[in-house]
Amino acid sequence: MLIQSNMKMAEVIHLDYHLLPIVSRFGINLGFGDKTIEQVCREQGVDTNFFLEILNSYYNKDYFPQKHLQGFSLEVIIEYLRKSHDYYLHTKIPLIEHLLRQMIDSFQGIGTETLKLINGFFAEYKNELTRHIDREEEKVYPYVFTVEAAFILRKSSKEIVRLIHAYSMEDFEKEHDNVEDKLFDLKNILIKYLPLPVDLQLCHAVLIELFRLETDLKDHARIEDKVLVPKVKYMEKWLIEHATV
Amino acid sequence: MKNTYVIIADISQLSRSGIMAIMKQTGFSFIFREVFQAEKLIRLLQNEPNNLLIISNSFLNSCSPEVIRKILSQSTPILRVLIQDTGMNSRFYNDFHEILKPEDNEKVILRKLEKQVRSLIKPDPATNQPEEISEREKDVLKLVAVGMTNKEIAEKLYISSHTVITHRKNITSKLGIKTIAGLTVYAIIHKLVSF
């Protein structure tokens, strides 16, 4: 089933509550009343079509309108990617840190060292993710906008080609992995190797949040790899081909 | 690949055709037998190879208690899936490996059926056994955990770098841990190294 613009916003959440953080990323918050998706989007100044495509691709794993998504402007796509970054760094990671700390605090006895180790491991992961995100925001996105600006004007230049040769989407693709590995390890350490009688409810809560973060990051990476990268690559190619000699 | 023998017992032609159409989407090959009479079902169950029985609640309800007993006590290994078509709770739930509910959409049905078919195809892969890391792998792991490079480990253990890489691959696949930081945590938890 596809989510459509005349559906009530409240129904969408009933349909799949995992969409809550996605919805709130667009600045749409609870208290929808009986408003439809179209109405809330208009109120919030959100592009309804883009919103629907994102909701549907999260809701239905087999639905990924790659070509259609590529039709949206880079501004809309990157604004969304930035908002997800913000959600990871300022909502999700602090929540997991909080749960981990609670889990560690609730445990007393021999073995706190191990828990501290796990905490340290997560801190390392957080640093890595932060570095990764900072790099995208400070280097990749500005680059992408420069390329788009030149492309829209259909105006290639030596400078822009030099810029593309210095850093292109191909480099982005190469450096764009590995952040998931640590997350994967942390999950496995908790699932398979945590030797201590910790508060199980808290441990489960940590794990569930890790799984959710992982899923969210995968969807996020899919938009980068399948929408952002091909779109910018196409522009790079055009600019290189039309460079004034 | 071996064929899977499927019996679809349902009074409704629409329902039988629908199930077959969805099953074909799994990409596995099936031999379907459609049944809408109890006697024919019993005959099939007794005389022919079967892997999977998909039967509707209303079909079961229309059978005599004796026939129901025959259907459900089928001794040969066979997976049973119930189509809950009457909307009421079925008293047969516990006899089934999977229930298809009225509200299930195509995707859910596909997933449920696919799961059953997969369990038929590969019963128990040998890889399910717990894998312990060997003593030699432990040696390598200890050195990885203290931050040594492959080359340093190779020199220390008098083996080639290539062998070190093989050991590391095996350690990662056995433990399910990919990063050096993760391996270090594992090594400390298991007291292979101390800091």
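Quick notes on this structure:
- If you plug the beta carbon distance of B:MET20 and B:ARG69 into 1/(1 + (r/R0)^6) with R0 = 25 Å, you get a FRET efficiency near 0.35.
- All Cα pairs of chain B, percent lying beyond 25 Å: 53 percent
- Taking all protein chains together and rolling a 1.4 Å probe, B:HIS162 ends up with roughly 140 Å² accessible.
- Kirkwood Rh and Cα Rg combined as Rg/Rh, region B:1-110: 0.93
- Where Rh is the Kirkwood radius over Cα pairs, Rg/Rh for the protein assembly as shown: 1.05
- Summed over both chains, the accessible area lost when A and B associate is about 1300 Å², using a 1.4 Å probe.
- Between B:VAL193 and B:LYS40, residue separation times 0.36 nm minus the direct Cα-Cα distance comes to 48.3 nm.
- Percentage of interatomic Cα-Cα distances in region A:20-125 larger than 15 Å: 72 percent
- Ranked packing of B:112-121, A:162-171, most packed first, by mean Cβ within 10 Å: B:112-121, A:162-171
- Structure-based [θ]222 nm, chain A - -39500 (n - 2.57) summed over DSSP H runs of at least 4, per residue, nearest 500: -20500 deg cm²/dmol
- Taking a ≥ b ≥ c as the square roots of the eigenvalues of the Cα gyration tensor, chain A is classed as oblate, since a/c reaches at least 1.5 and a/b does not exceed b/c.
- Dipole orientation for the protein assembly as shown: of the candidates B:ASN61, A:VAL147, A:THR130, B:ASN61 has the Cα lying most toward the positive pole (charges on Cβ; Lys, Arg +1; Asp, Glu -1).
- Ranked by solvent-accessible area (1.4 Å probe, protein heavy atoms only, all chains present), the residues B:MET20, A:MET1, A:MET103 order from largest to smallest as A:MET1, B:MET20, A:MET103.
- Surface per residue (accessible, 1.4 Å probe) for region B:9-70, Å²: 50 Å²
- Burial here means at least 30 square angstrom less accessible surface with every protein chain in place than with the chain by itself, probed at 1.4 Å; in region A:170-218 the buried residues are A:ASP181, A:PHE184, A:ASP185, A:ILE189, A:TYR193.
- The distance separating the Cα centre of region B:131-164 from that of region A:17-62 comes to 51 Å.
- Whole-percent carbon and sulfur share, accessible surface of the protein assembly as shown, 1.4 Å: 53 percent
The values are calculated or read from the model by the stated rules, or taken from the named source; none is laboratory data. Since this is a predicted model, take the numbers as computed values, not measurements. FYI the Cβ positions are ideal-geometry reconstructions off the backbone, even for glycines, and counts take in every protein chain you see. Accessible surface areas use protein heavy atoms only, side chains included; no ligands, DNA or RNA. Shrake-Rupley method; radii C 1.70, N 1.55, O 1.52, S 1.80 Å.
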